[in-house]
Amino acid sequence: PNQSVETIQDTTMLVFGEAGYKANRTADGRMVFEIEGSRGDQILFGGLGGAQYNGAITVRVTAEIVDLIGQDAHRLQCTAYIVNHAGDGVFEDKQRLANFRRGPYQKLLDEVAGKLK
């Protein structure tokens with residue numbers, strides 16, 4: 001509550017940046033964070049060949065700030081994806097991560113909330 005959208009964006013960009021994510025803002029106000037997938041992600045989503053040869057698995061987190069109407073507050077929410085061949089206009093393929101894998105991203109959101117208090 002009582003935080004501007006800009007302050008929430010700046011703090012979110014800082015927290016994700018400190019965690020090693022490359023950060024970008026889109027024209028519609030969303031934030032996009034990317035980091036190379038872990039070795040486990042490479043094997044699980046790219047197969048052994050993907051992990052060993054091209055390392056093309058990226059974790060992409062899209063975040064947006066939602067205005068909670070009538071409450072003078074905002075909600076920061078995000079969705080995480082595993083992206084094969086990120087940035088490749090032809091071969092890029094993304095899969096939304098299941099909710100049970102949201103732990104690391106929830107920790108980052110909690111850190112943002114802590115810095116804003």
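The values are calculated or read from the model by the stated rules, or taken from the named source; none is laboratory data. This one's a predicted model, so the numbers in the text were calculated from it and none came from an experiment. When we count neighbours, we look across all protein chains shown, and the Cβ atoms used for this are built from the backbone with ideal geometry, even at glycine. Keep in mind that these areas ignore ligands, DNA and RNA; they rest on the heavy atoms of the full protein, side chains included. Shrake-Rupley method; radii C 1.70, N 1.55, O 1.52, S 1.80 Å.
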ask   = Within the bounds of region 66-85, is there any residue that is in contact (Cβ under 8 Å) with a residue 40 or more places away in the chain, open to solvent by less than 40 Å² (accessible area, probe 1.4 Å) and of a type in the set (Val, Ile, Thr)?
value = yes
ask   = Which members of region 50-65 meet the condition of being open to solvent by 40 Å² or more (accessible area, probe 1.4 Å) and at pLDDT below 90?
value = Gln52, Tyr53, Asn54
query = Out of all the residues in region 43-50, is one or more within 28 Å of Val66 (Cβ to Cβ) and without any contact (Cβ under 8 Å) to a residue 60 or more places away in the chain?
reply = no
ask   = Does Val15 satisfy being of a type in the set (Val, Ile, Thr), over 16 Å from Arg101 (Cα atoms) and modelled with pLDDT of 90 or more?
value = yes
request  = For region 86-107, enumerate the residues that are open to solvent by 40 Å² or more (accessible area, probe 1.4 Å) and aromatic (Phe, Trp, Tyr).
outcome  = Phe91, Phe100
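Yes or no, residue by residue, for (1) under 16 Å from Gln9 (Cα atoms); (2) among the basic types (Lys, Arg):
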{"site": "Ala63", "(1), (2)": "yes, no"}
{"site": "Arg75", "(1), (2)": "yes, yes"}
{"site": "Tyr81", "(1), (2)": "no, no"}
{"site": "Asn84", "(1), (2)": "no, no"}
{"site": "Val90", "(1), (2)": "no, no"}
{"site": "Arg96", "(1), (2)": "no, yes"}
{"site": "Phe100", "(1), (2)": "no, no"}
{"site": "Leu108", "(1), (2)": "yes, no"}
{"site": "Val112", "(1), (2)": "yes, no"}
